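Where a number appears in this text, it was derived from the coordinates with a stated rule and is not lab data. Computed from a predicted model, the values in this text were never measured in an experiment. With ideal geometry, Cβ positions are generated from the backbone for all residues, glycine too; neighbour counts draw on all protein chains shown.
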2 protein chains.
Amino acid sequence: MTSSKEEAASKHPLRLGVAGLGTVGAGLAILLRDNADLITARAGRPIQITAVAARDRTRDRGIDLSALRWHADAIDLASDPNVDVVVELIGGAEGKARELVEAALTAGKPVVTANKALLALHGERLSRLSAAHNAPLLFEAAVAGGIPAIKTVREGLAADRILSIGGILNGTCNYILTAMRETGRDFADVLKEAQDLGYAEADPTTDVDGFDAAHKLAILAALAFGKPVEFDSVHVEGIRSIGALDLGFARTLGYRIKLLGLARQSERGIDARVAPCLVPETAPIAQVDGVFNAVIAEGAFVGRLMIEGRGAGAGPTATAVAADIIDIARGKTIPVWGTYATDVTAVRSRPADEWHGAFYLRLSVTDRAGVIADITAILRDCGVSLSRMIQHPSARSGDDVPLVLVTHPTEERAMQAARQRIAALDVVSAEPVLIRIETF
Amino acid sequence: MTSSKEEAASKHPLRLGVAGLGTVGAGLAILLRDNADLITARAGRPIQITAVAARDRTRDRGIDLSALRWHADAIDLASDPNVDVVVELIGGAEGKARELVEAALTAGKPVVTANKALLALHGERLSRLSAAHNAPLLFEAAVAGGIPAIKTVREGLAADRILSIGGILNGTCNYILTAMRETGRDFADVLKEAQDLGYAEADPTTDVDGFDAAHKLAILAALAFGKPVEFDSVHVEGIRSIGALDLGFARTLGYRIKLLGLARQSERGIDARVAPCLVPETAPIAQVDGVFNAVIAEGAFVGRLMIEGRGAGAGPTATAVAADIIDIARGKTIPVWGTYATDVTAVRSRPADEWHGAFYLRLSVTDRAGVIADITAILRDCGVSLSRMIQHPSARSGDDVPLVLVTHPTEERAMQAARQRIAALDVVSAEPVLIRIETF
């Protein structure tokens with residue numbers, strides 16, 4: 001700690017081997033170049049990329065990397081004696097990314113990665129490898145881009161019992177829902193625009209069907225609760241079924257619709273799910289719009305905490321990757337899931353039908369006498385208590401009109417049973433839209 | 001990293017000597033007791049309070065501390081061989097708190113403190129002591145209670161050049177401004193209520209005159225920019241001059257009024273100030289109400305990041321203190337201001353009149369012909385350009401009425417000159433209220 005800035009600069013650099021030179025990899029190279037002075041001072045030694053592995057050597061990445069050692073096979077970074085830290089930016093839960101991370105950890109080499117799928121699906125195995133070989137595995141960039149969500153949970157809240165964790169974890173979905181609300185346009189239309197703007201992939205499945213958010217949620221839950229959550233037990237719903245109508249009704253009811261990842265721990269176990277939710281329009285998370293992400297944690301002692309910022313993009317993601325690298329340079333090593341307990345066996349999320357909460361149900365019904373009586377009878381029979389109802393009668397009897405029901409908190413099992421029976425009614429003309437209500 | 005939870009529990013505990021057993025000290029003891037299992041697992045060893053120093057040994061603190069070693073003089077904690085870490089919760093920039101922290105660091109003992117005034121006023125000296133004796137000095141609880149603001153800046157954003165840092169740093173002021181806005185009541189009235197509710201001290205000066213926020217801002221600025229800011233150069237204004245009228249006019253103009261601490265770095269130097277500001281009502285920070293705090297950082301690569309949560313209270317503050325202690329148990333040591341550069345000489349904030357921005361000016365003027373012409377002529381002569389004006393003519397000519405002027409961005413020096421000349425006009429009957437406008 002007595003070393004001066006000049007001494008820091010004269011120290012042996014920490015040498016990085018970077019696998020994958022897409023947006024984030026190139027962004028990291030630019031960040032390390034532009035902020036070299038302050039990064040050296042803060043890390044206590046220079047940080048340099050010495051080797052890279054990427055498919056295309058000639059692509060213009062906005063920075064000259066030709067002087068570096070290029071590996072044809074990323075795996076070779078794990079055994080390169082001139083690489084101190086492996087930075088994995090290839091992506092994907094299997095294949096080259098997984099091979100490289102496992103090889104590096106097995107070789108006792110610290111790994112920094114932005115790979116959410118890898119951590120979400122193989123969290124148990126990777127944490128064992130990291131512990132067995134005393135090789136740190138850091139992944140701040142895997143969740144919510146530039147937001148230091150991992151550090152907040154793993155270190156900032158280390159003394160507290162975390163009751164719930166989650167938030168707005170996918171910028172594409174938040175952009176789409178925000179645009180739908182602001183313009184009244186429908187999902188397909190806004191998705192197309194998001195694709196044109198580069199906010200959504202050509203194949204939008206990972207984003208709009210909730211899997212990207214679920215990967216991030218699984219990682220946050222593992223950190224919050226000290227052990228991985230089996231990914232296939234996480235309940236995942238996307239936003240394809242949300243219509244412009246729902247955003248309008250939500251507004252009328254004093255809510256906004258957000259795709260939320262939420263994991264809760266109670267004496268009954270862990271509940272982890274990704275689903276569109278109605279949140280009160282006055283809740284701080286309701287104000288997080290566009291491509292922004294937000295992470296909310298609730299602790300027994302600390303209460304509620306929310307961080308919002310840019311969840312994607314070269315700059316924000318590169319700062320998260322580089323912060324992990326600086327932690328390694330500073331000599332920090334914390335177990336993967338933030339605990340020294342050896343029991344990191346993954347646990348399962350409870351089935352969705354065991355949860356409890358209030359619901360918004362939108363139906364398309366034939367506007368004729370007795371319809372509401374039939375529907376409310378089913379709710380009553382299923383033990384679901386009604387809180388509010390919105391119905392706009394049509395000009396002519398016999399037309400299809402939307403009918404919105406809001407329930408009091410109830411068992412999800414009961415609500416799903418009621419939904420099924422209601423969907424089967426002759427007067428119900430389309431698949432009902434069921435959205436959970438979260439009251440922050 | 002291969003140690004099991006059982007092994008962690010069987011390790012030598014990290015032994016704390018706690019000075020000061022007020023709300024936070026007692027809260028820390030309760031937190032360490034209630035969360036002992038998970039803290040042991042996350043820290044890799046048990047954390048125990050072994051010695052304390054507090055004035056009153058018999059007071060009921062909600063937890064039995066009679067079995068601990070009590071020191072009559074807090075200074076003795078620094079030399080107690082059974083104390084590994086000194087936790088300073090006495091408070092105050094001088095006296096016993098400062099003596100203890102300096103003695104502990106000099107003895108090479110890690111120190112954890114919640115003392116914002118101490119760090120804000122003696123940051124340079126303390127960082128030198130910490131470095132010279134290789135004794136970590138951690139102070140997460142000094143800024144924004146349970147919000148891990150320090151960790152976010154010092155570690156989460158370690159790779160980025162921070163352009164600005166600040167936020168809502170005083171819960172008492174935010175509570176008062178929120179209540180004034182919501183109820184239309186005036187400052188004195190709401191302050192009285194806040195005192196009755198325990199949200200404000202009997203002597204509210206430190207809070208409502210901005211000094212508490214300024215201490216926190218000085219600490220954030222030192223972390224963001226890598227060296228302390230001389231506290232007496234920080235511009236400090238409180239909220240006493242804000243009237244219910246101003247909150248109403250702000251609403252009309254599409255703003256809310258918040259007491260903000262803001263520090264910016266540019267090629268011209270560092271600007272650090274605490275002052276009430278108008279912020280657009282749609283800005284995320286405008287939504288942070290009541291006793292909540294929020295910290296906003298803007299980095300060159302990461303963009304804007306905001307964290308909000310509870311800025312005070314036993315639980316939130318104790319989690320921050322304990323997170324620092326866990327960092328020490330995990331073997332983390334980072335220099336006080338996050339940089340290994342030895343030049344930690346404090347820098348001065350630029351004088352307020354060199355800043356640049358838009359302003360809100362509320363005058364109380366005699367409602368008669370020519371008044372507005374006189375006032376706008378002064379603004380023109382001072383080179384201040386007017387953007388908007390609100391005037392409600394009174395029932396009878398000759399009455400005093402409020403007149404609100406909003407300027408385009410201008411030199412603060414020019415604005416202050418205009419304000420002085422306007423205040424000297426016969427038709428201006430009370431001290432003008434001048435509030436900066438911040439556009440997030």
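Using the charge dipole of region B:354-437 (Lys, Arg: +1 at Cβ; Asp, Glu: -1 at Cβ; taken about the Cα centre), state which of B:429, B:372, B:387 has its Cα farthest towards the positive end.
The listed residue farthest towards the positive side: B:387.
For chain B, take the longest principal axis of its alpha carbons; what is the angle in degrees between that and the long axis of helix B:412-423, to the nearest 10 within 0 to 90?
50
Would you mind checking B:96/B:192; B:116/B:258; A:96/A:216; A:227/B:151 for any pair whose Cα atoms are more than 26 angstrom apart?
As for pairs spanning more than 26 Å Cα to Cα, those are B:96/B:192.
Which FRET efficiency, nearest 0.05, do residue A:202 and residue A:413 yield, Cβ-Cβ r, R0 25 Å?
Result of the calculation: an efficiency of 0.05.
So what's the angle, to the nearest 10 degrees on a 0 to 90 scale, between helix B:314-329 and the longest Cα principal axis of chain B?
That helix lies at roughly 50 degrees to the long axis.
At residue B:385, label 7 Å along Cα→Cβ: distances to the other copies, nm, ascending?
6.1
Take residue A:440, project a point 7 Å from its Cα along the Cβ direction, then tell me which residues of region B:285-315 have their backbone nitrogen under 17 Å from it.
So the set is B:285-296, B:305-311.
What is the helix-to-structure angle for A:187-197, meaning the angle in degrees between its Cα long axis and the longest Cα principal axis of chain A, kept from 0 to 90 and rounded to the nearest 10?
Its long axis makes an angle of about 20 degrees.
Output, in nm with one decimal and in ascending order, the distances from the residue A:416 label point to the matching label points of the other copies (7 Å from Cα along Cα-to-Cβ).
6.6
Determine, for A:407, B:152, A:333, the number of other Cβ atoms within 10 Å of each Cβ, and report the residues in order from fewest to most.
Fewest-to-most ranking of A:407, B:152, A:333: A:333, A:407, B:152.
Work from the charge dipole of chain A (Cβ charges, +1 for Lys and Arg, -1 for Asp and Glu, about the Cα centre) and give the residue of A:403, A:89, A:252 farthest towards its positive end.
The listed residue farthest towards the positive side: A:89.
Calculate, for residue B:10 and residue A:380, the FRET efficiency according to 1/(1 + (r/R0)^6) with r their C-beta to C-beta distance and R0 56 Å; round to the nearest 0.05.
Computed FRET efficiency for residue B:10 and residue A:380: 0.45.
Under a GNM of chain A (C-alpha, springs under 10 Å), which listed residue has the highest mean-square fluctuation: A:228, A:110, A:13?
Highest fluctuation of the listed residues: A:13.
Checking the a/c ratio against 1.5 first, then a/b against b/c, what shape does the Cα gyration tensor give for the protein assembly as shown?
It is rounded, given that a/c, with a ≥ b ≥ c, falls under 1.5.
Determine the shape class of region A:5-142: with a ≥ b ≥ c the square roots of the Cα gyration tensor eigenvalues, call it rounded for a/c under 1.5, and otherwise prolate if a/b is greater than b/c, oblate otherwise.
Taking the square roots of the gyration eigenvalues as a ≥ b ≥ c, region A:5-142 is oblate.
Could you point to the residue in A:318, A:331, A:275 farthest towards the positive end of region A:270-336's charge dipole, with +1 and -1 charges on the Cβ of Lys/Arg and Asp/Glu respectively?
The one lying farthest along the dipole's positive direction is A:331.
What does the convex hull of the Cα atoms come to per residue for region B:354-437, in Å³?
Hull volume over Cα atoms, normalised by residue count, gives 75 Å³.
Given charges of +1 on the Cβ of Lys and Arg and -1 on the Cβ of Asp and Glu, with all other atoms neutral, how large is the dipole of the protein assembly as shown about its Cα centre, in debye to the nearest 20?
It works out to roughly 840 debye.
Looking only at chain B, where both bridge partners belong to it, what percent of the DSSP beta bridges are antiparallel (to the nearest 5)?
70
Okay, which of region A:341-380 sit inside 19 Å, backbone N to the point 7 Å along the Cα-Cβ direction of residue A:300?
A:341
With a/c under 1.5 counting as rounded, go ahead and sort region A:125-255 into rounded, prolate or oblate using the C-alpha gyration tensor (a ≥ b ≥ c being the square roots of the eigenvalues; past the cut-off, prolate if a/b is larger than b/c, else oblate).
prolate
Could you compute the FRET efficiency for residue A:192 and residue A:59, with r as their C-beta to C-beta distance and R0 at 25 Å, rounded to 0.05?
Plugging the Cβ-Cβ distance into 1/(1 + (r/R0)^6) gives 0.35.
Quick one: net charge around residue B:69, please, counting Lys, Arg +1 and Asp, Glu -1 for every other residue with C-beta under 14 Å from its C-beta.
Surrounding charge for residue B:69 is -2.
Between copies, how close do the residue A:22 label points come, placed 7 Å along Cα→Cβ, listed in nm from shortest?
Ordered by increasing distance: 5.1 nm.
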